[in-house]
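Novice: Below you will find the structure I want to go over with you.
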Amino acid sequence: MNKDLITMDDLTNEEISSLLDDADRLLPAARGEEYLPLLQGKLLANMFFEPSTRTRMSFETAMKRLGGDVVNLGDVKSSSAVKGETLYDTMRMVDGYCDIAALRHPRQGAAQYAGDACSISIMNGGDGAGHHPTQTLLDLFTIRQAFGRLDGLKVAMVGDLRYGRTVHSLSHALARFDCELTFISPSQLSMPEEIIEDLTANGAKITVTEDLLGAIPDADVIYMTRIQKERFPDEDEYTKVAGIYKLSADDLAGAKGEMIILHPLPRVDEIHPDVDVTRHARYFEQAFNGVVARMALMCKLLGVGIPGGDD
Ligand code: CP
């Protein structure tokens, strides 16, 4: 396995499947039903230069549930970044302090840069509008939990496909498992052309549309996303597309019974709370699965075997 997880290209399909198997075995530890101190003595650096609730907390939960410990960068405004310290220098310090690091940064490419600067493993927790591969691991885990497989599913991705890093990483991974992808967005927020070209060159079956309601009956998975207000160059452009897709329980009448709705969260108004009580809603389970996915990843990167696993 590569030293770092920067994009899904760092993992083979076999490595993904193995991580998901490991994540499954770690469910009792993630739920606190079993104490499994596999990472005792290990220290995780949580380096979040952008806001986060789930990614930061689930990394911390994962490390602590496995007996390890965590140091946090904390509020960026209280760090020496405000004195002008470079990301390179900051990460060189972390390389000495900790055994592994999760990094979220507003600049696309920052995780690769940090990975090159460090000898410890860097896990990309989101780099600008680039990638979010640890989110993809938990998304894949949740999909496999629901269907027992990843192969051949029909997955609709909805909302901000331009700036949404979760869908950039997830589309690459699902295409490798022969899923059919439907990209649903207004034209201003369409999936970047280079990603579509890359997916198509690799044989992915892709449909592009603006019609969410029309795509519901055929979908196995509907992956909703928030419009990424913070990435728009100007507020007027955001206002034009804000609130463009709002899924409510009434919209789901024609959906397949087993169809699941995912969302990386946080949501704003894309999913009405009345969807939460339908059989289709899986986004809170999905957020919980961030703990097992990140447990499995840290064990693998730190070379720690999981009881019942391959190594
Ligand atoms: N899904 C996700 O990345 O959530 P946070 O921004 O809260 O970490």
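Novice: For the chain, what is the Kirkwood estimate of the hydrodynamic radius, computed as the reciprocal of the mean inverse distance between distinct Cα atoms, to one decimal in Å?
Specialist: Numbers: mean 1/r = 0.0504 Å⁻¹.
Across the chain, the inverse of the average 1/r is 19.8 Å.
Novice: If you don't mind, another one. Run the numbers on the chain and let me know its relative contact order in percent, using alpha-carbon pairs under 8 Å that are six or more apart.
Specialist: Details: 585 pairs, mean separation 62.3, N = 311.
With pairs under 8 Å counted, the relative contact order is 20 percent.
Novice: Pop out the carbon and sulfur fraction of the accessible area of the chain as a percent, whole number, probe 1.4 Å. Walk me through the numbers on the way to the answer.
Specialist: Working: 6250 of 13160 Å².
Solvent-exposed carbon and sulfur of the chain make up 47 percent of the total.
Novice: Take Asn13 and Asp218, extend 7 Å from each Cα along the Cα→Cβ direction, and tell me the distance between the two endpoints in nm.
Specialist: 2.3
Novice: If you don't mind, there's one more thing I want to ask. Test of understanding: extend the Cα→C-beta vector of Asp89 to 7 Å, then name every residue of segment 113-128 with backbone N under 20 Å from that spot.
Specialist: 113-119
Novice: Here is a follow-up. At 37 °C and 0.692 mPa s, grab the translational diffusion coefficient of segment 1-104 from Stokes-Einstein with a Kirkwood Rh over Cα pairs, rounded to a whole number in µm² per second.
Specialist: Values: Rh = 15.3 Å.
Reported coefficient: 215 µm²/s.
Novice: Further question: Just Val158, Val291, Val275 to compare: in a GNM of the chain, with alpha carbon springs under 10 Å, which one fluctuates most?
Specialist: Looking only at Val158, Val291, Val275, the biggest GNM fluctuation is shown by Val275.
Novice: Moving on. Could you work out how far the C-alpha centroid of segment 17-39 sits from that of segment 192-258, in angstrom?
Specialist: Taking the Cα centre of each part, segment 17-39 and segment 192-258 sit 32 Å apart.
Novice: Please calculate how many Å² of accessible area segment 80-234 carries per residue, with a 1.4 Å probe and no DNA, RNA or ligand atoms counted. It would help to have the intermediate numbers written out before the result.
Specialist: On the way: 5950 Å² over 155 residues.
Accessible area per residue: 38 Å².
Novice: Moving on to the next point. Let's test the formula: R0 of 25 Å, r as the Cβ-Cβ distance of Ser187 and Ala253. What FRET efficiency results, to the nearest 0.05?
Specialist: Efficiency for this residue pair is about 0.35.
Novice: Taking a quarter of the surface of the Cα convex hull of segment 134-287, what do you get in nm²? Can you show the working numbers first?
Specialist: Values: hull surface 33.3 nm².
The directionally averaged projection comes out at 8.3 nm².
Novice: Using the alpha-carbon centroid of each, what span in Å lies between segment 1-16 and segment 156-185?
Specialist: Here the two parts' Cα centres lie 18 Å apart.
Novice: Under the 0.36 nm per residue contour assumption, what length would be gained going from the current alpha-carbon distance of Arg149 and Tyr35 to full extension? Kindly include the intermediate steps, with their values, before the conclusion.
Specialist: Numbers: separation 114, 0.36 × 114 = 41.04 nm, distance 2.86 nm.
This chain segment gains 38.2 nm when fully extended.
Novice: Helix 133-147 versus the longest principal axis of the chain: what angle, 0 to 90°, nearest 10, using Cα atoms?
Specialist: In the chain, helix 133-147 runs at an angle near 60 degrees to the longest axis.
Novice: Angle between the Cα long axis of helix 165-176 and the longest principal axis of the chain, 0 to 90 degrees, nearest 10?
Specialist: 80
Novice: To the nearest 10 square angstrom, what accessible area does Ser18 show with a 1.4 Å probe?
Specialist: Number for this one is 20 Å².
Novice: Another question about this same structure. Toward the positive end of the charge dipole of segment 134-287, about the Cα centre and with charges on Cβ (Lys, Arg +1; Asp, Glu -1), which of Gly203, Tyr245, Phe147 goes farthest?
Specialist: The Cα lying farthest towards the positive end belongs to Phe147.
Novice: Nearest 10 degrees is fine. How inclined is helix 13-25 to the longest principal axis of the chain, computing both from alpha carbons?
Specialist: 80
Novice: Another one. Which order do the peptides 127-135, 47-55 come out in when sorted by mean C-beta neighbours inside 10 angstrom, highest first? Before the final figure, lay out each step's value.
Specialist: On the way: 127-135: 24.1, 47-55: 18.7.
In decreasing order of mean packing, 127-135, 47-55 become 127-135, 47-55.
Novice: Rounded to the nearest 500 deg cm²/dmol, what is the calculated helix-only ellipticity per residue at 222 nm for the chain, with -39500 (n - 2.57) per DSSP H run of length n ≥ 4?
Specialist: Numbers: 11 runs with 114 residues, N = 311.
It lands at -11000 deg cm²/dmol.
The values are calculated or read from the model by the stated rules, or taken from the named source; none is laboratory data. The structure displayed is predicted, hence computed values, not measured ones. Glycine also receives a Cβ, built like all others from the backbone with ideal geometry; neighbour counts cover every protein chain displayed. Heads up: the accessible areas ignore ligands, DNA and RNA and are worked out on the full protein's heavy atoms, side chains in. Shrake-Rupley method; radii C 1.70, N 1.55, O 1.52, S 1.80 Å.
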